[in-house]
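Visitor: Mind looking over this structure? Questions follow.
The values are calculated or read from the model by the stated rules, or taken from the named source; none is laboratory data. All values derive from a computational prediction rather than experimental measurement. Cβ coordinates were reconstructed from backbone atoms using ideal geometry, including for glycine residues, and neighbour counts include every protein chain displayed. The accessibility values were calculated without ligands, DNA or RNA, using every heavy atom of the protein model including side chains. Shrake-Rupley method; radii C 1.70, N 1.55, O 1.52, S 1.80 Å.
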Amino acid sequence: MNAIRTLLCLVLIGFVAFAPPGWASPPDQWWEPANRPVPDSQVNVTGKPFTGTDAKGDVRGFADVHNHLMTNEAFGGELVCGKPFSDAGVADALEDCAAHYPDGSGALLENLTGAEPDGKHDPVGWPTFKDWPSYRTMSHQQNYYAWLERSWRAGQRVLVTDLTSNGVICSINPNRDRGCDEMESIRLQAEKTYDLQDFVDRMYGGEGKGWFRIVTDPAQAKQVIEDGKLAVILGVETSEPFGCKQVLDVPQCSKAGIDQGLDELKALGVRSMFLCHKFDNALCGVRFDSGTTGTIINVGQFLSTGTFWQTEKCRGPQHDNPIGDAPVPEIEEKLPAGTEVPTYADDAQCNTRGLTRLGEYAMRGMMQRGMLVELDHMSVKATGRALDILESADYPGVISSHSWADLGWAERVYGLGGFIGEYMFGPEEFIGAAGRTEALRTEYDKGLGIGTDFNGLGSHPAPLGADGPSPVTYPFRSADGGSVIDRQVTGERVWDVNTDGGAHVGLVPDWIEQIRRLGGTEAVQDLMGGAQSYLDTWGAASDYTPPSNLAAGSRATASSSEWSAFTSFAPGRAIDGDTSTRWASDWSDDQWLALDLRSERTVGRVVADWEGAHAAAWKVEVSSDGATWRTVWSTDAGKGGVETATFEPTTARYVRIHGVSRATRYGYSLWELGVYDR
């Protein structure tokens, strides 16, 4: 009998020892799946994920606020090879595009941008992964779900996955297997993201049980993070949202189409969005790309819009990126005969195109829906106008997610209550970039985000080398100290951040350990504060209630109104809620526009949306009787655009904008005038 017992014990011990990883995990180990596919990538993190909040009630964890889980479905398909998950298993998910066989020379995008120096790579993915993914990769999957799981286990608690596409890149993709409509692609990518959530749930025993949780409001996100799981937010980063392209400067969309598109995105679960990306569109001008990529994108801009990028001298300290001028014959040959990419003056680095009136309408629509406005990729001209409008409305929901906006905007973003993520540069460059905003983060009590941009057609941190500065020693502790992280293993490949750099999303924890070793714990603690700071910004945007515009329903009078045979420039045009109509004065300095609020009201802020003919010096005056006026605010440095005059709240029935001196030879002209109590 004892011999039989011994034999049975040995059989059971052997069965457990050789069971698939994660099989039948103990019920108290909720973070381990019961049904992980076999074979599969390893996670190589041990220890219980942290849960709950700190003593202040804040969540912890780092936030990747710019990633692209589903780019394999974008650009007509077959541009980014491999999938973040597959019901058929890892071999199906992590395989190269058929066009890349036998030696990788068919990887057009990767080879044009020089990601593979010899224009070739070993196309085999699972299980060998000899050449991909790598830190240089442009067109290979970097977001396999188990790699993301590793990042979650090691401390990530927020992921913004941006649904993306580009119709022109799709159209010149020789391997595409579907249409090029950007909104169709966004719908598909959203569907696939929900499918990934279901895929993870099935491993953990059913609906809602997995660690990958798509959230649609800040309270839901906070609960997910308190439970120790990953809050996933859907964003959109596409070049022509809602079909809002422009052809020869003529918009191809309408306000009604924008409203319909925003409503559809919100119904899909999208909560943040870029108004423009890569190409100038009907909403805004873009911040340029440099190098070879710049030439490729500029050609695409022409093919999409009929115009190349146009530049002007910058009007302030911020500037757009230099435009790439490297020749790319394979792409330039797609231009019409006799058409060439222009050259640009070195002293003109700003896009002439800013935020259009349709763009303003779309942004205000996002504000009404509590969505987060992404500044990155907007031109300097567009960003400045966007911030003016956001500040005039005191709207906090503004994000710069991956270092694609001029650093000079940082204080205005933080001042609104916004959030900033730095691109996943090499650790030394990231530490330097983070240091430049450290004082502001301290002043505004903000954590720091990461914009990894995996699957975003960009490069990632190069390896520092096993003999480089402060190499990572495996295994190491996670940023919170609760988990142990060893080298990541997928199939036959063992990944080491020292020698592989930022090859895929699973190496983000290793990269953070590099930052700790090179820059100390303070930067890492700022990263661990990223989740709460992101929720603070999102929560403030969701709770935002626009102040009532006291000018609505008021009666407008003016010192004069310019005469025109074709339209009216009457005073009431500045308070009709239509940004395509305006009041304009006669062409002399001393002019005013006055509003009768019809009763005594508390007034603390006036917003003037100037047409090009704006004031160089102007003041805000108030009155109880319309006869005796007192000045509550003034400036002699009027800059035009949207200007906000904030002053100590006071009681008045009448409010007057009084022009002291003009900035142009014309009169004063206002698209809209807003009056608010705060």
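Visitor: What relative contact order, as a whole-number percentage, does the chain give when Cα pairs under 8 Å and 6 or more residues apart are counted?
Guide: Numbers: 1589 pairs, mean separation 91.9, N = 678.
Reported relative contact order: 14 percent.
Visitor: What does the charge count around Leu670 come to, taking other residues whose C-beta lies under 9 Å from its C-beta (Lys +1, Arg +1, Asp -1, Glu -1)?
Guide: On the way: positive: Arg573, Arg582; negative: Asp609, Glu611, Glu672.
Residues close to Leu670 contribute a combined charge of -1.
Visitor: Turning to a different aspect of this structure: How large, in percent, is the carbon and sulfur part of the accessible surface of the stretch 154-238 at a probe radius of 1.4 Å?
Guide: Numbers: 1240 of 2790 Å².
It is 44 percent, rounded to a whole number.
Visitor: Shifting gears a bit: Asp217 versus Thr343, label points 7 Å from Cα toward the beta carbon: distance in nm?
Guide: With each label placed 7 Å out from Cα toward Cβ, I get 5.8 nm.
Visitor: While we're looking at this one, here's another question. Which shape class, rounded, prolate or oblate, goes with the stretch 100-187 when its Cα gyration tensor gives a ≥ b ≥ c as root eigenvalues, a/c under 1.5 marks rounded, and past that a/b bigger than b/c marks prolate? Can you show the working numbers first?
Guide: Details: a/c = 2.18, a/b = 1.09, b/c = 2.00.
Oblate, because a/c is 1.5 or more while a/b does not exceed b/c.
Visitor: Work out from phi, with θ = phi - 60° and the Karplus expression 6.51 cos²θ - 1.76 cosθ + 1.60, the ³J(HN,Hα) of each residue of the stretch 63-78, listed in order in whole Hz, and give x for Gly and Pro.
Guide: Those phi angles translate into 10, 8, 9, 7, 9, 9, 5, 10, 5, 4, 8, 8, 6, x, x, 6 Hz.
Visitor: Next question. Kindly write out, for the stretch 548-561 in residue order, the coupling ³J(HN,Hα) from the Karplus curve 6.51 cos²θ - 1.76 cosθ + 1.60 (θ = phi - 60°), rounded to whole Hz, with x marking Gly and Pro.
Guide: 6, 7, 5, 6, 5, x, 7, 10, 9, 10, 8, 5, 6, 9
Visitor: What dipole magnitude, in Debye to the nearest 20, does the stretch 348-410 give about its Cα centre under +1 on Lys/Arg Cβ and -1 on Asp/Glu Cβ?
Guide: Details: 6 positive and 7 negative charges, 55 e Å.
That gives the stretch 348-410 a dipole magnitude of about 260 debye.
Visitor: Something else now. Compute the signed sum of charges (Lys and Arg +1, Asp and Glu -1) over the other residues within less than 14 Å, Cβ to Cβ, of Gly481. Present the calculation step by step, with values, prior to reporting the outcome.
Guide: Numbers: positive: Lys48, Arg60, Arg153, Arg477, Arg516; negative: Asp54, Asp480, Glu513.
Once positives and negatives cancel, what remains is +2.
Visitor: OK, next. With a/c under 1.5 counting as rounded, go ahead and sort the stretch 322-455 into rounded, prolate or oblate using the C-alpha gyration tensor (a ≥ b ≥ c being the square roots of the eigenvalues; past the cut-off, prolate if a/b is larger than b/c, else oblate). Each step should come with its number before you reach the end.
Guide: On the way: a/c = 2.22, a/b = 1.41, b/c = 1.58.
Judged from the Cα gyration tensor, the stretch 322-455 comes out oblate (a/c at least 1.5, b/c at or above a/b).
Visitor: Tell me, what ³J(HN,Hα) does each residue in the stretch 610-623 have, in order and in whole Hz, if you take phi through Karplus 6.51 cos²θ - 1.76 cosθ + 1.60 with θ = phi - 60° and put x for Gly and Pro?
Guide: 7, 6, x, 7, 10, 8, 7, 9, 7, 9, 9, 10, 10, 7
Visitor: For the residue pair Glu492 and Ser254, what label-to-label distance in nm results when each label sits 7 Å from Cα along the Cα-to-beta-carbon direction?
Guide: 6.0 nm
Visitor: Another question, then. Would you mind counting up the charge near Trp592? Only other residues with Cβ under 10 Å from its Cβ, with Lys and Arg at +1 and Asp and Glu at -1.
Guide: 0
Visitor: A further question on this structure: For the stretch 483-532, rounded, prolate or oblate, judged on the Cα gyration tensor with a ≥ b ≥ c (square roots of eigenvalues), a/c < 1.5 rounded, else prolate if a/b > b/c? Mind dumping the intermediate values first?
Guide: On the way: a/c = 2.52, a/b = 1.92, b/c = 1.31.
It is prolate, given that a/c is not under 1.5 and a/b is the larger ratio.
Visitor: Residues of the chain: accessible area per residue at 1.4 Å, in Å²? All intermediate terms of the calculation are to be shown ahead of the outcome.
Guide: Values: 26460 Å² over 678 residues.
On a per-residue basis, the chain sits at 39 Å².
Visitor: Just list whichever of Lys229/Lys266; Lys120/Lys192; Lys56/Lys446; Lys381/Lys639; Lys48/Lys222; Lys245/Lys639 have alpha carbons separated by over 21 Å in the model shown. Intermediate results must be reported in sequence, preceding the final value.
Guide: Details: Lys229/Lys266 23 Å; Lys120/Lys192 30 Å; Lys56/Lys446 15 Å; Lys381/Lys639 13 Å; Lys48/Lys222 19 Å; Lys245/Lys639 29 Å.
Long pairs (Cα-Cα over 21 Å): Lys229/Lys266; Lys120/Lys192; Lys245/Lys639.
Visitor: Let me ask something else about it. If each residue of separation counts as 0.36 nm, what is the full-extension length gain between Lys130 and Thr651 once their alpha-carbon separation is subtracted?
Guide: Details: separation 521, 0.36 × 521 = 187.56 nm, distance 7.26 nm.
Length gained between Lys130 and Thr651: 180.3 nm.
Visitor: When only DSSP loop residues count, what GluC sites (Glu not before Pro) in the stretch 186-269 have their Cβ near at most 16 other Cβ atoms within 10 Å? Walk me through the numbers before you get to the answer.
Guide: Working: sites: Glu191, Glu207, Glu226, Glu237, Glu264; in loops: Glu207.
Hits after loop and neighbour filter: Glu207.
Visitor: Let me ask something else about it. By accessible area of protein heavy atoms, probe 1.4 Å, what ranking do Tyr668, Tyr194 get, highest first? Display every interim value, and only then the final one.
Guide: On the way: Tyr668 5, Tyr194 75 Å².
Per-residue accessible area, sorted high to low, gives Tyr194, Tyr668.
Visitor: Extending each Cα 7 Å along its Cβ direction at Ala627 and Lys48, get the distance between those two points in nm, one decimal.
Guide: Result: 7.8 nm between the two label points.
Visitor: While we're looking at this one, here's another question. Is any helix in the chain, taking whole DSSP H runs, at least 15 angstrom long along its axis by alpha carbon and on average at least 1.6 on the Kyte-Doolittle scale, and which ones?
Guide: Values: long enough: 2-17 (22 Å, 2.03); 182-203 (32 Å, -0.86); 255-268 (20 Å, -0.22); 291-305 (21 Å, 0.53); 357-368 (16 Å, -0.57); 380-393 (20 Å, 0.31); 508-519 (16 Å, -0.45); 530-542 (18 Å, -0.24).
Those that clear 15 Å and a mean of 1.6 are 2-17.
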